[in-house]
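Here the structure comes first, spelled out in structure tokens, and everything after it is commentary.
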Amino acid sequence: MCIRDRSQTVQSTVTNVASGVAQDIITVDNTAAGGGDGSAETPFNTLAAAQAAAGTNDIIYIRAGDGTNTGLSSGITLDDSGQRLIGSGTDLTFDRTFMSALGLRLPSLPMVIAPATTAPVLTNTAVNGDGITVTANNVHVAGVNVRAAQRDGIVVNADNVTLSDLTVTDSVRYGIYATANGAASNIEDLQVQNSTLTRNGSYGLYLHAQAGGDFTSPSLSDLTISDNIGYGSYLFSTGAGSTIASPSLSNLLIEDNSDSGLVINAAAGASITAPTLSNITANENAFHGVWIQATGAGSTVSNLSADTLTLTRQAGATAGTPLPSGLYVFADTGGTISAPRFSHIDAVNNGSYGIHVRSNGAAASITAPLFSDVAANSNGDHGVYVIAQAAGTISGATFETFEAQDNTLDGLRLLATGAGSAITTPSLRGITSTDNGDDGLYIEAAASGTLSNLSLSEVISSDNGSEGLYMRSTAAGSTLSNATLTDIHLEDNGDYGGYILTSVSASMASLNIADLTSIDNSNDGLHIESNGAGSTMANLSLADLTLNSNADYGLYLYAVTSGVLNAPTLTRITANGNDLSGVLVQANAVNAAINGLNLSEVTTQDNAVHGLYINATNTATVSSPVIQNILSEGNGSSGVYLYAATANATISNCLLYTSPSPRDGLLSRMPSSA
């Protein structure tokens, strides 16, 4: 190949940068006559002839020809380093990183040798035939349409391979398949870009590290992956020692695939490290939009970063559990997902969950996940569902600045269920959860699960079909402890504003609630209950609460059927204009007890029945309550009403202080045993 300068006076032979020898361009055109030599003037008319003629660093240029696969149906193997297979679907350019022309002054921009027209159609009609196979390093494939290959469209097992400006369709199995198989296999710097992978018989794109094989820094960018019969794109590392390191995925449109859109999976002791996802759109896939998984002992997905994911309308055509989600993060049976970061996530209109985070099985763990700037709206079940089960653990999860609206069930559900299962140190802040069909926020420890050190702040939960906030610990061995709730607003919910429950021999300890407003709800503003033998709630602290205009009680503190509330402290409580009483403290049924109640600085005005009502009934007890600084006026019945209602019910050792009058700067003390 020769080239002249602009003046047409100086001619230079074009050489290959790597080898320094003359650059060969071998041309293929299936409309050419037979017997060609591969030159631009007399091209080969078959791909097989070009493959036989091509060597190291040669360019094979394929013209569109007649638009069929005639002469282009036997596939091609690129097995010499530096080869380029360029189709007329992209510009053939003088690339100064690949070619040189000594003695010529050339423009800085690439020069077009042959402009893009229509892409040629390649295939392999042989049984189990692959369209293009790359086994040599430093190969570039671009500008072709690989259609209906009888196994895989393109297969890669080499380093520094670039696949660009391609259309790969209708392959019997995978569109693009890259495999690193065995401890000696390491694929570095694979790039797949600006291509369309559609209607393939299994996965659109499959990167597979197995049996100790490695991928280093694969890059997938500007791809459309759609309508494949299986996963859209699958990154799979399996077997001890197998690794996919630093994969980068950006600007992907993944839609209408018959299973999940994008799957990143480490299994059987393998690892995937530092994957980066940005600008991913996954729409209308049959299972999950994006699925992150580590399964099996020693399997890890670590330091994932995902920014700007749009995950909508995953349809749910694939049967199974869990149900389809926009985003599914799953550690299973010894697998670990550590420090994943998700930001700017829209998970909307999915068939089941918007975002589903699950740790399942002994030694499974998800550590320090961060979700920020999330919208999980209008999903078929929960907006966000976080669950540790069967001895799985989730630690240090942070959800901040997110909204969950118009979901069929809960806006956000946080659940630790089963012996050994634990959710520790979750932090939820800046949450708006409205108009959901069931609860705005649902937080539970169940079946001997543990949920500890919860921080919940800056929450608006309104107009939900049931509770604005539902927290419970249920069943023997279940514990919910050391929870702090601040700056909570609950309004216009279809049942309770807030419902906090320990039942069936479970426990709840050190629950601190401050700066909570619960108004205009269809039941109690805030209902706190210990229910059943062995159920305990200890060291409850409520401060700075506004509980107004609710359809039943403003605040209902309730021990029932042998449930126990120990040392609840309530201060600076306002409960006005409720349809029943402002504050009800009640122990009801055999052995139920409220011990050591401390109630101070309470304002209860204009409630329909009592301002403050303390009641023991059916052999239950309220013992040693201290009540002081109460302002109760304009209520329909009593301002303050203490009532032991049936035989053997007791209110004992009560200290009741009245607020000072203008003439009396001292508190008066009225001991009582009722």
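Summary of values
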read-out	value
Probe 1.4 Å, protein heavy atoms only - accessible area per residue of segment 238-338 in square angstrom	28
Centre separation in Å (Cα based) which lies between segment 256-327 and segment 352-423	15
Ratio of Rg to Rh over segment 18-128 (Cα coordinates, Kirkwood Rh, two decimals)	0.98
Diffusion constant of segment 89-197 at 25 °C, which comes from Stokes-Einstein with the Kirkwood Cα-pair radius and 0.890 mPa s, µm²/s	161
Value of [θ]222 nm, deg cm²/dmol, for the chain, DSSP H segments ≥ 4, -39500 (n - 2.57) each, nearest 500	-500 deg cm²/dmol
Packing-based ranking, highest mean first, of 615-623, 35-43 given that Cβ atoms within 10 Å are counted	615-623, 35-43
Projected area, mean over directions - segment 373-455, Cα convex hull, nm²	4.7
Rounded Å value of the spacing that divides the Cα centres of segment 146-193 and segment 570-607	68
Percent RCO, i.e. relative contact order, over segment 376-527, from Cα pairs under 8 Å lying at least 6 residues apart	18
Charge dipole of segment 44-142 about the Cα centre (unit charges at C-beta), most positive-ward option of V139, N69, A52	V139
Per-residue SASA entry for V609, accessible area with 1.4 Å probe, Å² rounded to 10	50
FRET efficiency estimate (nearest 0.05) - Cβ-Cβ, I229 to A362, R0 30 angstrom	0.30
The chain, relative contact order [Cα under 8 Å, separation at least 6], %	4
Efficiency of FRET from Cβ geometry, T97 and S455, R₀ 56 Å, rounded to 0.05	0.60
Stokes-Einstein D in µm²/s, Kirkwood radius over Cα pairs - the chain at 25 °C with 0.890 mPa s viscosity	86
Within the accessible area of segment 239-287 (1.4 Å probe), percent carbon and sulfur	45
Chain lengthening between N194 and A274 when straightened (0.36 nm per residue, less Cα-Cα)	26.5 nm
Largest-first principal axis extents, alpha carbons of segment 326-466, Å	37, 28, 28
Tail weight of P(r) past 20 Å, computed on alpha-carbon pairs of segment 234-330, percent	35
Selection from N539, N350, S242, by position along the positive dipole direction of the chain (Cβ)	S242
Most to least packed among 526-532, 95-101, 260-266 [average Cβ atoms within 10 Å]	260-266, 526-532, 95-101
Distant-in-sequence amide H partners of G65 (H built 1.01 Å from N, under 5 Å)	N30
Separation in nanometres of the label points that stand 7 Å from Cα toward Cβ, at T70 and T425	7.0
Relative contact order of segment 528-660, pairs being alpha-carbon contacts under 8 Å that are 6 or more residues apart, as %	21
Charged-residue dipole, Cβ positions (Lys, Arg, Asp, Glu), segment 411-527 about Cα centre, Debye nearest 20	660
Rg(Cα) / (2.2 N^0.38 Å) computed for segment 302-407, rounded to two decimals	1.01
Electrostatic dipole magnitude of the chain [Cβ: Lys, Arg +1; Asp, Glu -1; Cα centre; debye, to 20]	1180
Stokes-Einstein D (µm²/s) once Rh is taken as the Kirkwood radius of segment 438-542 over alpha-carbon pairs, at 37 °C in 0.692 mPa s	246
Efficiency of FRET between A40 and T77 - r from beta-carbon atoms, R0 22 angstrom, step 0.05	0.40
Surface share of carbon and sulfur [accessible, 1.4 angstrom probe, percent] for segment 10-166	49
Cα-centre dipole for segment 222-329 with unit charges at Cβ (Lys and Arg positive, Asp and Glu negative), debye to 20	300
P(r), alpha carbons of segment 53-93 - 5 Å bins starting at zero, rounded %	6, 20, 27, 26, 17, 4, 0
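The values are calculated or read from the model by the stated rules, or taken from the named source; none is laboratory data. Note that this is a predicted model, so its numbers are computed, not measured. With ideal geometry, Cβ positions are generated from the backbone for all residues, glycine too; neighbour counts draw on all protein chains shown. Heads up: the accessible areas ignore ligands, DNA and RNA and are worked out on the full protein's heavy atoms, side chains in. Shrake-Rupley method; radii C 1.70, N 1.55, O 1.52, S 1.80 Å.
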